[in-house]
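Novice: What follows is a single structure, and I will ask about it in a moment.
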Amino acid sequence: MKIAIGSDHAGFALKEQLRHTFEDVAFVDCGTFSEASCDYPDMALKVARMVVGGEVDSGVLVCGTGVGMAIAANKVAGVRAAACSETYTAKLTRDHNDANILCIGARVVGPGVAEEIVRTWLETPFSNEERHLRRLRKIERLEAEGQ
Ligand code: RB5
C-alpha cells in the first residue's frame with residue numbers, strides 16, 4: 001500500500017512517528033521536514049494532488065486539529081478528506097464515505113490513539129453498497145457543477 005503523508009509544524013512529530021510505525025506501508029513524505037512554522041495548505045495540496053492523480057492509494061495529513069488540513073484538501077476535486085479523532089469515525093469514513101484522505105489533529109489525540117485511528121482507517125475497505133455509491137455520486141455532481 002502506497003500512502004502520501006504530510007503535516008505542518010504542529011503535526012510534524014506525529015507524522016514522523018506514523019511513518020516509522022507502519023513499516024508495511026510505503027509512505028511518500030510530502031513534508032514538512034522540521035518543526036519550523038509553515039502553512040498547512042501547502043502540504044494538503046501536495047498530498048491531495050498525489051491522491052487524485054492516482055500516484056498513491058490514499059493520503060494522511062496531520063496538523064494541530066486535523067481540520068485545516070481537511071478544509072484545504074477538500075478544495076481539490078476528487079478528494080474526500082475526513083478529520084478523525086476516534087476509531088468509530090475513522091472506520092465509517094472508509095465504509096460509508098470512501099474517504100481517500102485521513103486528517104488527524106496532533107494536538108487533539110495522543111500518539112497511541114492516532115496510531116489506532118490510522119490502523120483502523122487503513123484496514124477498513126469501502127462497503128461498495130448502492131446507497132453509499134448513490135450519495136457519493138451526488139457529491140461528485142456537486143463538484144462538477146461547482147456548487
Ligand atoms: C497551527 O498552529 C494550526 O493552526 C494548524 O496546525 C491546524 O490546527 C489548523 O487547522
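Novice: Could you please state, rounded to a whole Å, how far the C-alpha centre of segment 67-120 is from the C-alpha centre of segment 1-26?
Specialist: The distance from the Cα centre of segment 67-120 to that of segment 1-26 comes to 13 Å.
Novice: Would you kindly derive the ³J(HN,Hα) couplings of segment 115-123 from the backbone phi angles with the Karplus curve 6.51 cos²θ - 1.76 cosθ + 1.60 (θ = phi - 60°), listing them in order in whole Hz, with x for Gly and Pro?
Specialist: Calculated HN-Hα couplings, in order: 4, 5, 4, 5, 4, 4, 4, 5, 8 Hz.
Novice: Karplus couplings for segment 56-69 from phi (6.51 cos²θ - 1.76 cosθ + 1.60, θ = phi - 60°), rounded to Hz, Gly and Pro as x?
Specialist: 9, 6, 6, x, 10, 10, 10, 9, x, 10, x, 6, x, 4
Novice: Roughly what angle does helix 12-21 make with the longest principal axis of the chain, taking Cα atoms, 0 to 90 degrees, to the nearest 10?
Specialist: Taking Cα atoms only, the helix is inclined about 80 degrees.
Novice: Shifting gears a bit: Which net charge results when you count Lys and Arg as +1 and Asp and Glu as -1 among the other residues whose beta-carbon is under 13 Å from that of residue 134?
Specialist: +1
Novice: Take the Cα atoms of the chain, build their convex hull, and give its volume per residue in Å³.
Specialist: Working: hull volume 13.9 nm³, N = 147.
Per residue, the Cα convex hull of the chain comes to 95 Å³.
Novice: With the other protein chains left in place, how much accessible area per residue, in square angstrom, belongs to segment 9-63 at a 1.4 angstrom probe?
Specialist: Values: 2700 Å² over 55 residues.
Accessible area per residue: 49 Å².
Novice: What residues qualify as long-range amide H neighbours of residue 27, i.e. H under 5 Å apart, gap of 5 or more or another chain, H built at 1.01 Å from N?
Specialist: Sorted by chain and number, the residues that satisfy this are 3.
Novice: Any idea of residue 86's accessible area? Nearest 10 Å², probe 1.4 Å.
Specialist: For residue 86, solvent-accessible area is about 70 Å².
Novice: Also, quick follow-up: Determine the order of 84, 38 by accessible area, beginning with the largest, at a probe radius of 1.4 Å. Let's see the in-between values first.
Specialist: Working: 84 5, 38 30 Å².
Ranked from most to least accessible, the order is 38, 84.
Novice: Identify which of 101, 71, 117 has the largest mean-square fluctuation in a Gaussian network model of the chain, with springs joining Cα atoms closer than 10 Å.
Specialist: For the chain, modelled as a Gaussian network with Cα springs under 10 Å, the answer is 71.
Novice: What accessible surface, in Å², does a 1.4 Å probe find on residue 133, ignoring ligands, DNA and RNA and rounding to the nearest 10?
Specialist: About 50 Å², ignoring ligands and nucleic acids.
Novice: What does the helix-only formula give at 222 nm for the chain: each DSSP H stretch with n ≥ 4 adding -39500 (n - 2.57), the total divided by the residues, and the result rounded to the nearest 500 deg cm²/dmol? Let's see the in-between values first.
Specialist: Details: 6 runs with 68 residues, N = 147.
That calculation yields -14000 deg cm²/dmol at 222 nm.
Novice: OK, next. Which residue fluctuates most in the GNM of the chain (Cα springs below 10 Å): 66, 11, 112?
Specialist: 112
Novice: Given a 1.4 Å probe and the protein chains all in place, what does the accessible area of residue 131 round to, in Å² to the nearest 10?
Specialist: 100 Å²
Novice: Please report, as a whole percent, how much of the solvent-accessible surface of the chain comes from carbon and sulfur atoms (probe radius 1.4 Å).
Specialist: On the way: 3800 of 7490 Å².
In the chain, the share of accessible area belonging to carbon and sulfur is 51 percent.
Novice: When the chain is treated as a GNM, springs tying every alpha-carbon pair under 10 Å, which of 98, 57, 24 comes out with the largest mean-square fluctuation?
Specialist: So, out of 98, 57, 24, the one fluctuating most is 24.
Novice: Still on this structure, please answer the following. When we measure straight from the Cα of residue 2, which aspartates and glutamates land under 13 angstrom away, once same-chain ones fewer than 8 places off are left out?
Specialist: 23, 24, 29, 55, 57
The values are calculated or read from the model by the stated rules, or taken from the named source; none is laboratory data. Computed from a predicted model, the values in this text were never measured in an experiment. Reconstructed Cβ throughout: ideal geometry from the backbone, glycine too, with neighbour counts over all protein chains shown. Please note that ligands, DNA and RNA were not included when accessible areas were found on the heavy atoms of the full protein model with its side chains. Shrake-Rupley method; radii C 1.70, N 1.55, O 1.52, S 1.80 Å.
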